[in-house]
Amino acid sequence: MKNSPEIQEFIREHSRLFWYTPEEKKTEISIEFLLETILNYGNQESVKRLFELIGIEKASEIFNRQISTGRNNYFAPVKNYFQLYFKRHAQRDFKPRTD
């Protein structure tokens, strides 16, 4: 799946974090890999911007899927922080009232 122009621009702005990825492949990285990298190595502004681009619910869904496996690449403090963060800020299984 091709990334949106906004995501591609975001990747270009943070390309130094993907130094080991060939330049011509950087804009094709997956959202999962992008999220993992930004949460581990990004700053507060880059995390905020990524959440604006993909949505906090989607970020939470990807993050929780990644950490549910036995192995993941999140640093322990990052994993702990975002587990707490998403638990508080992401609305999982939200169903609007119909009455």
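Could you say which residue among T21, T27 is assigned to a helix (DSSP H, G or I), more than 23 Å from P77 (Cβ to Cβ), modelled with pLDDT under 95 and of a type in the set (S, T, Y)? Full working, then the answer.
Numbers: T21 fails: assigned to a helix (DSSP H, G or I).
None of the others qualify; the one that does is T27.
Answer yes or no as to whether T37 is assigned to a helix (DSSP H, G or I), more than 12 Å from the chain's Cα centre (by Cα) and among the hydroxyl-bearing types (S, T, Y).
Working: assigned to a helix (DSSP H, G or I): yes; more than 12 Å from the chain's Cα centre (by Cα): no; among the hydroxyl-bearing types (S, T, Y): yes.
So T37 fails the test.
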If we keep only residues of the range 1-57 that are among the basic types (K, R) and in contact (Cβ under 8 Å) with a residue 24 or more places away in the chain, then the residue surrounded by the fewest Cβ atoms within 10 Å (Cβ to Cβ) is K2
Could you figure out which of (1) part of a helix (DSSP H, G or I); (2) touching a residue at least 24 places away in the same chain (Cβ under 8 Å) isn't true of Q83?
-> (2)
Residues of the range 58-75 being touching a residue at least 12 places away in the same chain (Cβ under 8 Å) and small (G, A, S), in sequence order, are A59, S60
Restricting the search to the range 31-75, which residues are polar (S, T, N, Q) and under 20 Å from A90 (Cβ atoms)?
-> T37, N40, Q44, S46, S60, N64, Q66, S68, T69, N72
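The values are calculated or read from the model by the stated rules, or taken from the named source; none is laboratory data. Everything numeric in this text was worked out from a predicted model, so none of it was measured. Note that each Cβ is placed from the backbone with ideal geometry, even for glycine, and that neighbours are counted across all protein chains shown.
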